[in-house]
Amino acid sequence: MSRIKVMVVDDSAVVREVVSKLLSVDPGIQVIATAADPLLAMVRMKTQWPDVIVLDIEMPRMDGITFLKKIMHERPTPVVICSTLAEAGTKTSIEALAAGAVAIITKPKLGLKQFLNDSSNDLVLAVKTAAAANVKKLMVVEKQNADVMLSAAPSHGAMTLTTERVVALGTSTGGTQALEVVLRVLPRVCPGIVIVQHMPEKFTAEFARRLDGLCQISVKEAQHNDRVVQGQALIAPGGKHMMMRRNGAQYFVDVVDGPLVNRHRPSVDVLFRSVAKTAGANALGVIMTGMGDDGAAGLLEMHHAGARTLAQDEDSCVVFGMPKEAIKRGGVERTVPLNLIGREIMQQM
């Protein structure tokens, strides 16, 4: 198997040297070039294009976000942001993810060399995860408004239901862009939505605020005891599990601490299992782009409990791991392209 070709773009000579050495220790990675700024990087990329770019944000002549957007427009390439500016929850970090970055590593302002050495495993894992991502899928999704995708939900009908309906969404790598595509087309009259997007602590609040400004529906980071209501999406906070519970005909969420499940907190499996237990046939489960198998078992439990289930199709996924595993286990009724998931949510519910 060929090694992952990496370019390191950072204006610090120390960072370029340390990151290159740390990555080169792994037999599956080859650092093919380094550059002190994006303009130098573009010159070197004409000779050999990398599989993954490790990119700083604050650099001379061109900042990293501008370079990231340029790369994703001209030749989509997996990018790992490694910067002191990409602190958890900042607009800069969310902007980087929205522009197509696959992973973010926040460098400290002090003790940088020691931090990089201590974080070598995280850096290697981020590069390998990025190399497996099909970032081209991020650039070809057509954004359509709600009028094109679906007709308005009927004003009658919901009041005749004995219980409220709920949609549970689970996603990981590529999910920041995928969720934007899905949520932007939903009208204000739509079922309550609960979401697990694998994200570090403090990232989810800003991510939710960004989506809230783009969507017709309300989007917020979930807080303990929030009610799941029509026209609103609740996103599980990074570093916490989110579970749904029922009180009479209404649904609420519990935001709780707990161990990692499938190496994640929040975990899609935790959310899906709680939805299977509390909502059953009144729920729709949707598993989307992401690496690994988190959510596959939970979606199968939802299916057995009578819920409708969907998976994002392979062609529109950045990483097909989570949907593929859910399909393999038998929990998926239908696979759907990303740009049709919003319409399916309204039709199924």
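Among rounded, prolate and oblate, which fits the range 189-228 when a ≥ b ≥ c are the square roots of the eigenvalues of its C-alpha gyration tensor, a/c under 1.5 means rounded, and a/b larger than b/c means prolate?
Because a/c hits 1.5 or more and a/b fails to exceed b/c, the range 189-228 counts as oblate.
When the chain is fully extended, how far beyond the present Cα-Cα distance does VAL189 get from LYS202, taking 0.36 nm per residue of separation?
1.8 nm
Using the alpha-carbon atoms, what tilt in degrees (0 to 90, nearest 10) does helix 268-278 show relative to the longest principal axis of the chain?
10
Tell me, what is the FRET efficiency for LYS128 and ALA249 to the nearest 0.05, using R0 = 35 angstrom and their Cβ-Cβ distance as r?
0.15
Net charge near VAL52: determine it from the other residues with C-beta under 10 Å of the C-beta of VAL52, scoring Lys and Arg +1 and Asp and Glu -1.
+1
Looking only at the chain, where both bridge partners belong to it, what percent of the DSSP beta bridges are antiparallel (to the nearest 5)?
For the chain, the DSSP antiparallel bridge percentage is about 20.
Taking every eigenvalue of the Cα gyration tensor of the chain, multiplying by 5 and rooting it, what semi-axes result, largest first, whole Å?
In descending order, the three semi-axes are 37, 20, 18 Å.
Which angle between 0 and 90 degrees, to the nearest 10, do you get for helix 203-214 versus the longest principal axis of the chain when only C-alpha atoms count?
Long axis of 203-214 versus the principal axis of the chain: about 70 degrees.
What FRET efficiency comes out for the pair GLN114/HIS304, r = Cβ-Cβ distance, R0 = 41 Å, nearest 0.05?
Efficiency, from the Cβ-Cβ distance: 0.25.
Give me the angle, in degrees from 0 to 90, between the Cα long axis of helix 120-132 and the longest principal axis of the Cα atoms of the chain, rounded to the nearest 10.
With both axes taken from Cα atoms, the answer is about 70 degrees.
Along the Cα→Cβ direction, 7 angstrom out, place labels at LYS277 and GLN48. What is the inter-label distance in nm?
The modelled label-to-label distance comes out at 5.3 nm.
Please compute the net charge surrounding ARG75, taking Lys and Arg as +1 and Asp and Glu as -1 over other residues with Cβ under 13 Å from its Cβ.
Neighbour charge sum, excluding ARG75 itself: +2.
Give me the net charge of ASP63's neighbourhood, meaning all other residues with Cβ under 13 Å from the Cβ of ASP63; Lys, Arg count +1, Asp, Glu -1.
Neighbour charge sum, excluding ASP63 itself: -3.
First obtain the Kirkwood hydrodynamic radius of the range 1-66 from its Cα pairs, then insert it into the Stokes-Einstein equation at 4 °C and 1.567 mPa s, and state the resulting D in µm² per second as a whole number.
The calculation lands on 109 µm²/s.
Just give me a number: lysine pairs in the range 146-348, eight or more positions apart or cross-chain, with C-alpha atoms less than 27 Å apart.
Lysine pair count for the range 146-348: 8.
Evaluated at 37 °C with a viscosity of 0.692 mPa s, what Stokes-Einstein diffusion coefficient in µm²/s does the range 4-132 have when Rh comes from the Kirkwood expression over alpha-carbon pairs?
Estimated via Stokes-Einstein, D reaches 231 µm²/s.
Just to be sure I understand the model, the point goes 7 Å from the Cα along the line to the Cβ. What's the resulting ARG3 to ARG334 distance in nm?
Calculated label separation equals 4.8 nm.
So if we plug the beta-carbon distance of ARG61 and ASP315 into 1/(1 + (r/R0)^6) with R0 = 45 Å, what FRET efficiency do we get, rounded to 0.05?
0.75
Bear in mind that the values in this text are calculations on the coordinates, not laboratory data. Predicted model only: the values in this text are computed from it and were never measured. Because the Cβ atoms are built from the backbone with ideal geometry, glycine has one as well, and the counts that use them run over all protein chains shown.
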